[in-house]
Amino acid sequence: MANKYGLVGVSVAVLTLAALPAMAQTAPDPETSSVEDIVVTAQRRAENLQDVPLAVTALSSETLQKNDIRDLSRVEVLTPGFTFGRSGSDARPAIRGVRTENVGVSGDPSIGYFTDNVYRSRASQANEPFVDVARVEVQRGPQGTLYGRNTFGGNIAISTNDPTTEFDAGSSLTVGSFNRLAVDGFVNVPVNDMLQLRIAALRETMDGYVEGVTDDLDIFNRDTSYARVGVRFAPTPQLEAILRYSHWTEQGTGGAAFGYRVGGIFVNPTTGSFDINGRPYLLRYDLPRTGRPLTEGIPINPDPLFYGGDTKLVQDLTQDAWSANVSYDFGPVMFRSITGYTQYEVFRNADNDFSQRLGSVDGQEDVLESLSQELQLASNGDGPLDWIVGYFYFNEDVTASFFSSCPTLARDTPGCAFAAGLPETTSNAVFGQASYWLIPDRLRVTGGIRYTEDEKVIRRANATTNGSQRLTSVTPTGQAFDFTFSETTWRTNAEYHLDNGNMLYATISTGFRSGGFNAGFFTNPALPGAFGPETVTAYELGSKNRFWDDRLQINLSAYRNEFEDLQVQNQFLIVTPTGTTTTSVILNAAKAHSHGLEVEVQAVPIDNLNIAFSATLMEAQYDDYRNVPAPANYTGFLNYTGNDVPYSPSMKLTGQIGYDFVLSDGSVITPQATVLYSDDYYLTDTNTSLDLQEAFAKVDLRLSWVDASERYRFDVFANNIGDEVTLNRATFGSRGLNQSYDAPRMYGIRLSAAY
């Protein structure tokens, strides 16, 4: 650990020493170099990032490309207060002590995910690749007024490039480790002044970086296809309609639903029985050893990037998404309609004994249709009053089927135990927000309110399958269960502008996430059937600043979140006639809190030298969380009061430095280094030694060349050059603590061309 702290100290020192002499000795020239301006839509209207009184990190398309950020998984390397976890096909982001834990079909994500203003309701949809993306906004803290639905911890908003009136085209080829091969490109065609067309596509393959017993059992490979068509139609200066359709598939091997390996078990060395307070053993509990000392379990392969199962893990995901963003400028007001329709299907399986023994194969297939409609009416002028009112509707209809293999039959044989659930969610909300300049260009106050009503209906069903364990039919059985959750959320804000480049702000806001049904209830009525809603009250003080002719930008925020009835995940052991497995159950923890300080710095101390730095200090703990059922295999009830909330390191630092060397022919060579440091953190509420990720640092290196015309670009990169393999998912299962690890060192080259 000392070496890791030393690496961080050296990295911070390098950034500081590189900046200070130049800032002291060189007169700035604002016409040649400054911090990049980014326009965001965090308040549902286009504004400069520095004018928005919210904690927002915005990553431009150039930043994404320079850091090999192909999807959400690497956004954390540049974002304070944000941590990314993953299990199988499900993204599990965490922001300020709020993490995505419930990925069941009848629950909702804790972090809202939006693509071109359209809400995505499933955690696995957040792994959609970034193709021809204009920017990524990470909005930290509850966004319960303007965004509303399931923005309990914050938002991640993706904006793709709109069709434009200028011809534009580009393509790139990436070749990298694990036989990575990616080709992507776009073309923008202005048919005329009224009609423009933009097409973007990606094809990417890569071998799995987690090694299986044989090559065909390697996992976490990539087999991605993506295409999007956008049409802009503007028949008059007042009317604009942007229509999009995208098709996305992910195939190949997955990464199992709850982890691909066992990290160990806790055993009382005296009695030889499971004991959560006992000694950790790096063993996998094997069912045929029932009745014998648990310390005779199967030793675990120490390689964290090894999968010992005999089942080929499968990930098969398909999404077809349509959206329409239509606006009409009435002069004093702007009307906007946002429509989204999605057809989505994902299948994934898991080898729950993590061994070469037949059986213990579980899987899940989710098929859904979702429709969302938002209507907005907003002020459209330069007066002292800005306002927006709106209505939001969302409906999601899901068919979820679950299976477990029969140990007495060959794998993939029809007739194994199947069950299904048919959840449907309907949400309606009305909202409004207004801002008023009490002192023109100096003091502005904002108030907003939203009323949300979510209705959730679920019915059990029986499912039948074909020989490949895929769903063929679902028959509803029994009565339907119906719950309605409603809540009023609000926000109040005051901002004071010291001058054109410096602002102070204070915000109090609330967030809400409705309750739901536990998926295990489909197969075992003895499990808790439902869980209640959770709420948060958030307090934030912040400052946004530009200094030194826009060469230095410093943004700060201090916050406290107070959570009530926080939704948390527990694993319950289920014994069936065909074997033993576990299921994920959501319960409510009474109280928790998180508070912290975030700093973001960008600087251009001399022309062509770009420096970025962020720091997060955070505490996230359960204040009252008692009588928790012990994890699977363990007995009794536990007290988690005082435990850390998972995915919440007490300190996180990011740093980046790059310099543009202009050559005699006008081309530019840029070396760039990026550092991510995280203090240690737990990955389960139980806070054990087996789910602790110790402090670590990761370093990315990149060398880029751009020709004088800026048409051609060549990049050589190495991500995680120190090969620091980190735990990014852990949960208790029937064989022990299931684990999943992040990617090892990745390197490659990228060739890009603009036409």
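For every residue, the table says whether it meets (1) touching a Pro at 6+ places or on another chain (Cβ under 9 Å); (2) within 30 Å of Met334 (Cα to Cα); (3) touching a residue at least 60 places away in the same chain (Cβ under 8 Å).
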residue	(1), (2), (3)
Gln196	yes, yes, no
Met206	no, no, no
Glu211	no, no, yes
Thr236	no, yes, no
Arg244	no, yes, yes
His247	no, no, yes
Gly255	no, no, yes
Gly263	yes, no, yes
Leu294	no, no, no
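All but one of (1) modelled with pLDDT of 85 or more; (2) closer than 26 Å to Trp548 by Cβ hold for Gly112; which doesn't?
Here Gly112 clears every test but (2).
Scanning for something at pLDDT below 90 and either within 23 Å of the chain's Cα centre (by Cα) or buried (at least 20 other Cβ atoms within 10 Å of the Cβ) (or both), does the range 611-629 turn up at least one residue?
Checked against the condition, which is being at pLDDT below 90 and either within 23 Å of the chain's Cα centre (by Cα) or buried (at least 20 other Cβ atoms within 10 Å of the Cβ) (or both), the range 611-629 yields at least one hit.
Looking only at the range 307-323, which residues are surrounded by fewer than 17 Cβ atoms within 10 Å (Cβ to Cβ) and of a type outside the set (Asp, Glu)?
Result: Thr318, Trp322.
Please enumerate the residues belonging to the range 706-718 that are of a type in the set (Ser, Thr, Tyr), part of a loop (DSSP other than H, G, I, E, B) and touching a strand residue (DSSP E or B) at 6+ places or on another chain (Cβ under 7 Å).
none
Is it the case that Arg729 is part of a strand (DSSP E or B) and modelled with pLDDT of 95 or more?
no
Go through the range 676-728 residue by residue and tally those that are over 20 Å from the mean Cα position of the chain (by Cα) and among the β-branched types (Val, Ile, Thr).
Of the residues in the range 676-728, 6 are over 20 Å from the mean Cα position of the chain (by Cα) and among the β-branched types (Val, Ile, Thr).
Exactly one condition in (1) in contact (Cβ under 8 Å) with a residue 60 or more places away in the chain; (2) over 23 Å from Leu727 (Cα atoms); (3) in contact with a strand residue (DSSP E or B) (Cβ under 7 Å, 6 or more places away or on another chain) is false for Phe330; which is it?
Unmet condition: (3).
Pairs, please: C-beta under 8 Å, at least 6 apart or cross-chain, first residue under 18 Å from Asp353 (Cα atoms) and touching a residue at least 24 places away in the same chain (Cβ under 8 Å) and in the range 717-740, second crowded, with 24+ Cβ neighbours inside 10 Å and acidic (Asp, Glu)?
Arg735/Asp353
State which residue pairs qualify: first residue within 17 Å of Arg140 (Cβ to Cβ) and inside the range 502-515, second residue aliphatic (A, V, I, L, M) in any location, beta carbons under 6 Å apart, and separation of 6 or more residues or different chains.
If the second residue must be aliphatic (A, V, I, L, M), the pairs left are Ala506/Ala494; Ala506/Leu541; Ser509/Ala538; Gly511/Val536.
Go through (1) part of a strand (DSSP E or B); (2) touching a residue at least 24 places away in the same chain (Cβ under 8 Å) one by one and return the number of the condition Gly185 breaks.
It fails just one condition, (2).
I'm checking my understanding of the structure. Among residues of the range 324-371 that are among the basic types (Lys, Arg) and surrounded by 16 or more Cβ atoms within 10 Å (Cβ to Cβ), which one is modelled with the highest pLDDT? Give the steps one after another, and end with the answer.
First, the residues of the range 324-371 that are among the basic types (Lys, Arg): 336, 348, 357.
Right, trim to surrounded by 16 or more Cβ atoms within 10 Å (Cβ to Cβ) and you get 336, 348.
On the way: Arg336: 97, Arg348: 83.
Looking at the filtered set, the residue picked out is Arg336.
Would you confirm, using the coordinates I've provided, whether Leu676 is touching a Ser or Thr at 6+ places or on another chain (Cβ under 8 Å), aliphatic (A, V, I, L, M), buried (at least 19 other Cβ atoms within 10 Å of the Cβ) and at pLDDT below 95?
No; evaluated as a whole, the condition is false for this residue.
Which of the residues belonging to the range 178-202 are in contact with a Lys or Arg (Cβ under 6 Å, 6 or more places away or on another chain) and closer than 10 Å to Asp132 by Cα?
The one that is in contact with a Lys or Arg (Cβ under 6 Å, 6 or more places away or on another chain) and closer than 10 Å to Asp132 by Cα: Ala200.
Could you go through the range 290-311 and let me know if any residue there is among the hydroxyl-bearing types (Ser, Thr, Tyr) and in a strand (DSSP E or B).
Scanning the range 290-311, I find at least one residue that is among the hydroxyl-bearing types (Ser, Thr, Tyr) and in a strand (DSSP E or B), so the answer is yes.
Residue check: is Asp29 at pLDDT below 90, closer than 25 Å to Arg442 by Cβ and assigned to a loop (DSSP other than H, G, I, E, B)?
Taking the combined requirement at face value, the residue does not satisfy it.
Taking the stated definitions as given, is Ile265 modelled with pLDDT of 90 or more and either on the phi > 0 side of the Ramachandran plot or surrounded by 15 or more Cβ atoms within 10 Å (Cβ to Cβ) (or both)?
yes
In the range 701-717, is there at least one residue being surrounded by fewer than 15 Cβ atoms within 10 Å (Cβ to Cβ), among the acidic types (Asp, Glu) and within 17 Å of Thr83 (Cα to Cα)?
no
When the residues of the range 157-169 are filtered to those that are acidic (Asp, Glu) and in a loop (DSSP other than H, G, I, E, B), which remaining residue is surrounded by the fewest Cβ atoms within 10 Å (Cβ to Cβ)? Give the steps one after another, and end with the answer.
Restricting attention to the range 157-169, the residues satisfying the condition of being acidic (Asp, Glu) are 162, 166, 168.
From what is left, the residues that are in a loop (DSSP other than H, G, I, E, B) are 162, 166.
Working: Asp162: 16, Glu166: 8.
Among those residues, the one meeting the criterion is Glu166.
Being crowded, with 23+ Cβ neighbours inside 10 Å, modelled with pLDDT under 95 and either among the hydroxyl-bearing types (Ser, Thr, Tyr) or within 23 Å of Phe266 (Cβ to Cβ) (or both) is the requirement here; does Tyr755 meet it? Steps first, answer last, please.
On the way: crowded, with 23+ Cβ neighbours inside 10 Å: no; modelled with pLDDT under 95: yes; either among the hydroxyl-bearing types (Ser, Thr, Tyr) or within 23 Å of Phe266 (Cβ to Cβ) (or both): yes.
No; evaluated as a whole, the condition is false for this residue.
Where in the range 90-156 are there strands (runs of 3 or more DSSP E), lying wholly inside it, with at least 3 residues that are more than 10 Å from the chain's Cα centre (by Cα) and surrounded by fewer than 24 Cβ atoms within 10 Å (Cβ to Cβ)?
133-140
I'm trying to understand the selection: among the residues of the range 457-474, which are more than 27 Å from the chain's Cα centre (by Cα) and either more than 24 Å from Asn349 (Cβ to Cβ) or at pLDDT 70 or above (or both)? Talk me through it step by step, then tell me what you get.
Quick first cut of the range 457-474, residues more than 27 Å from the chain's Cα centre (by Cα) only: 459-474.
Within the range 457-474, Arg459, Arg460, Ala461, Asn462 qualify.
Quick one: Ile721 ticks every box in (1) farther than 30 Å from Phe306 by Cα; (2) in contact with a strand residue (DSSP E or B) (Cβ under 7 Å, 6 or more places away or on another chain); (3) not in a strand (DSSP E or B) except a single one, so which number is it?
(1)
When only residues in the range 265-288 that are part of a strand (DSSP E or B) and in contact (Cβ under 8 Å) with a residue 24 or more places away in the chain count, which is nearest to Asp215 (Cα to Cα)? Even if it seems obvious, please write down each step before you answer.
In the first step, residues of the range 265-288 are kept if they are part of a strand (DSSP E or B); the result is 265-267, 274, 279-281, 283-284.
The next check asks that each one be in contact (Cβ under 8 Å) with a residue 24 or more places away in the chain; those that pass are 265-267, 274, 280, 283-284.
On the way: Ile265: 28, Phe266: 32, Val267: 34, Phe274: 35, Pro280: 31, Leu283: 24, Arg284: 23 Å.
For the range 265-288, the residue satisfying everything is Arg284.
Might you check whether a residue that is without any contact (Cβ under 8 Å) to a residue 40 or more places away in the chain, over 17 Å from the mean Cα position of the chain (by Cα) and in a loop (DSSP other than H, G, I, E, B) occurs anywhere in the range 38-48?
Within the range 38-48, one or more residues are without any contact (Cβ under 8 Å) to a residue 40 or more places away in the chain, over 17 Å from the mean Cα position of the chain (by Cα) and in a loop (DSSP other than H, G, I, E, B).
Return yes when Ile721 is within 14 Å of Asp68 (Cα to Cα) and exposed (fewer than 15 other Cβ atoms within 10 Å of the Cβ) and no when it is not.
no
The values are calculated or read from the model by the stated rules, or taken from the named source; none is laboratory data. Source: prediction; values computed, not measured. Positions of Cβ are generated from backbone atoms using ideal geometry, with glycine treated the same way; all protein chains shown enter the neighbour counts.
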